[in-house]
Amino acid sequence: MSKQIIMLFGAPGSGKGTQAEILSGKTGYYHFESSKIIEFHIKNDEPGKTYEIEGQTYKIEDERSRWESGLLNSPPVVVYWMVKKIKELAEEGKSIIFSGSPRTVYEAEREIPLFKELYGAENIRFIMLEISPETTIWRNSHRRICELIRHSILFTPETEKLTECPLDGSKLVRRQGLDDPETIKKRIEIYKEQTHPVAEFVEKAGISIHKINGEQDVAGVHADVYKAIQ
Ligand SMILES: [Zn+2]
């Protein structure tokens, strides 16, 4: 079977991270989380580091303050980090699942052509998990992550009483600063303004969008996602 690029798309709390994790476990595809790549660089790049991208200079300190305020990082820096990793994975012959990337049209313009070049347009799947704004706020304000691997645990009747991660047994905690109501509202606004037009760009690039009802339970959404990648 040909190597694939799977992009899971949807508002914060749509379950794209959870679905990517399950799909990755089932297929062995690499789960590429842009948030973790960003977090890696925010935490590990040395103080004073600068990036020269398309004639501009960016500083790691500025990226850190944006990240800590719940704002999106500078698209050029994010894309720089992403493209580097994508090329490495393609060279290793890996299929990739993205959860929440590309985030902006700027990012899509630089990543979609790269995907086409490295994997072929016919092997790219763009999957939209659709949920209401009410569900977004509810799920995010109740979300927890595990201390060990940072598995994201969405709030559902099945997970409500959990105190430990079902996958590794570590303690479940709230994400500091990221899941308070003001930050969630900010993230929804950013999603609407910047991320939604990505779908339009992808369609114009000749990649069809599979829409899936994200309000279903986790197993139901997974069944639809799995069907969409066949
Ligand atoms: Zn865990």
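For this structure, a couple of remarks:
- The residues of the range 183-224 that are in a loop (DSSP other than H, G, I, E, B) and under 23 Å from K116 (Cα atoms), listed by number, are A205, G206, I207, S208.
- Filter result (among the aliphatic types (A, V, I, L, M), over 23 Å from I6 (Cβ atoms) and either within 16 Å of the ligand (Cβ to nearest atom) or free of Cβ contacts under 8 Å to residues at least 40 places away in the same chain (or both)) within the range 126-153: L148
- Unique match (being among the small types (G, A, S) and farther than 30 Å from W138 by Cα) among A11, A90: A90
- Whether a residue is modelled with pLDDT of 90 or more and buried (at least 17 other Cβ atoms within 10 Å of the Cβ) was assessed, and I153 does not pass this test.
The values are calculated or read from the model by the stated rules, or taken from the named source; none is laboratory data. Fair warning: this is a prediction, and the values are worked out from it, not measured in the lab. So basically every Cβ, Gly included, is an ideal-geometry build from the backbone, and we count neighbours across all protein chains shown.
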